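The values are calculated or read from the model by the stated rules, or taken from the named source; none is laboratory data. It should be emphasised that the depicted structure is a prediction, and the values quoted were computed from it without experimental measurement. Don't worry about glycine lacking a Cβ; one is built from the backbone with ideal geometry, like all the others, and counts go over all protein chains shown. These accessible areas exclude ligands, DNA and RNA; they are computed on the full protein's heavy atoms, side chains included. Shrake-Rupley method; radii C 1.70, N 1.55, O 1.52, S 1.80 Å.
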Amino acid sequence: MKKFILFLVLFMSSLGFADIKFKDDVGREIVLEKPLTKVVVASRYNNELIRAIGNIKNVISVDDNTAQDRVYWKDFDPKNTIGKGQNSLNYEKIIELAPEALITPRNSSYEKDIEQLSKAGIKVIVVTGWDNANMPEQIERLGKIFGNEKGAKKLIDFYNKNLNEVKKRVAKVKNKKTIYWEYGDPYTTAIPGTSNDGWVNMMRVAGGVSIFDDPTIKGKTIDPEKILLEDPDL
C-alpha cells in the first residue's frame, strides 16, 4: 500500500499536481495546489515584473495607481479596478471578481487584506516589486506563483547582467557625490527600512551617498536644518 501511495504521489508530481511551496516577502509560508491563472494585483511595480516575465494575461484587475496610465497600461479598465491603491482596496470588488489571489507589496495593508479576503477563499501573497535590494527574490516568487520559472530566470539574468555592469563602472568612481533625496511630501526623504527604502538602495548602487542613509532616523520627515548642515552635492 505504501509503495502504491508513493507511486501515486510521484505520478501526480510528474503531471504538475505537486504543491508549490515558497515564502512570500514577509516570511509567510505559501502553498499553492497549482500555478495561479487569475489574480488581482496592487502596485504598479508588481505589475511591471509580472508583465516582464510574461504573465500579465493572468492579471484580471489592478489598482487605480496602475490603471490610470492609459498608454502604458491600456489592458486594464480604470472603471473596473480593485481600489485606489495598495492601502485602500475595495474588498467587495475583489470578491466579486473572484480571483485566486491578491498580490500586494509589504508596505501595503496586507494584514487587513488577509483578514478580509481569506473569508472568501482568496489568498493574499506579498511580493514587493519596488524592492530593488532583493529584486531577484521578488521575481523568483512570481515565477513560482505562475509556474513560469523560465520567464522569471530570463528576467533575473537580464537584471543581474545590467546591475553587474553598473557596479563595475561605479567602482571606478573615487569621489562619491552626497545626495539629499526628497520624495512625496516636503522633507520626506529615503530612510532605510521605510517604504522609501528602494530609493536608498538605488543611490547606493549608483555610487551616491544619501545624507540620510540612517535606519535609526525616526518619523516620516526630517529637519530641514540638517540638509543645510550636511550641504549635499546634489
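Rounded to the nearest 0.05, what FRET efficiency do Tyr72 and Lys153 have when you use their Cβ-Cβ distance and R0 = 35 Å?
After rounding to 0.05, the efficiency reads 0.90.
Could you order Ser195, Ser61 so the one with the most accessible surface comes first? Probe is 1.4 Å.
Values: Ser195 65, Ser61 5 Å².
The ranking, largest first, comes out as Ser195, Ser61.
Among Ala101, Asn80, Ala42, whose Cα sits farthest toward the positive end of the charge dipole of the chain (+1 at Cβ of Lys/Arg, -1 at Cβ of Asp/Glu, about the Cα centre)?
Of the candidates, Ala101 comes out farthest on the positive side.
Strictly over 31 Å apart at the Cα level, which of Lys23/Lys220; Lys57/Lys176; Lys74/Lys153; Lys38/Lys84; Lys57/Lys93; Lys38/Lys154 would you flag in this model?
Where the Cα-Cα span goes over 31 Å, the pairs concerned are Lys57/Lys176.
Using a Förster distance of 45 Å, how high is the FRET efficiency between Asp19 and Tyr187, based on the Cβ-Cβ distance and rounded to 0.05?
0.40
Would you mind telling me the share, in percent, of accessible area of the chain contributed by carbon and sulfur at probe 1.4 angstrom?
Percent of accessible area from carbon and sulfur atoms in the chain: 55.
For the chain, set up a GNM with springs between Cα atoms under 10 Å and report which of Ile114, Ile103, Ile94 has the largest fluctuation.
Per the Cα network of the chain with a 10 Å cutoff, Ile114 tops the list.
Quick check on the chain: helices-only [θ] at 222 nm, where DSSP H runs of length 4 and up contribute -39,500 (n - 2.57) each and the sum goes over total residues. Nearest 500, please. List each step's numbers first, then the result.
Values: 9 runs with 91 residues, N = 234.
Rounded to the nearest 500, the figure is -11500 deg cm²/dmol.
Say R0 is 41 Å: what FRET efficiency, to the nearest 0.05, do Ala171 and Lys112 get from their beta-carbon distance?
Values: r = 43 Å, r/R0 = 1.06.
With R0 = 41 Å, the Cβ-Cβ based efficiency is 0.40.
Take the chain, connect every pair of alpha-carbon atoms lying under 10 Å apart with a spring to form a Gaussian network, then pick out the residue of Asp213, Asp19, Asp223 with the largest mean-square fluctuation.
Asp223
How would the range 123-234 be classified by its alpha-carbon gyration tensor: rounded, prolate or oblate, with rounded meaning a/c under 1.5 and the a/b versus b/c comparison settling the rest? It would help to have the intermediate numbers written out before the result.
Details: a/c = 3.96, a/b = 1.56, b/c = 2.54.
It comes out oblate by the Cα gyration axes.
In µm²/s, what is D for the chain at 20 °C and 1.002 mPa s, where D = kT/(6 pi eta Rh) by Stokes-Einstein and Rh is the Kirkwood radius from Cα pairs?
108 µm²/s
Could you list the trypsin sites (Lys or Arg not before Pro) in the range 161-234 that lie in coil according to DSSP, counting only those with at most 10 other Cβ atoms within 10 Å of their Cβ? Display every interim value, and only then the final one.
On the way: sites: Lys161, Lys167, Lys168, Arg169, Lys172, Lys174, Lys176, Lys177, Arg204, Lys218, Lys220, Lys226; in loops: Lys172, Lys174, Lys176, Lys177, Lys218, Lys220.
For trypsin sites (Lys or Arg not before Pro) across the range 161-234 that sit outside H, G, I, E and B with at most 10 neighbouring Cβ atoms in 10 Å, the list reads Lys172, Lys174, Lys218.
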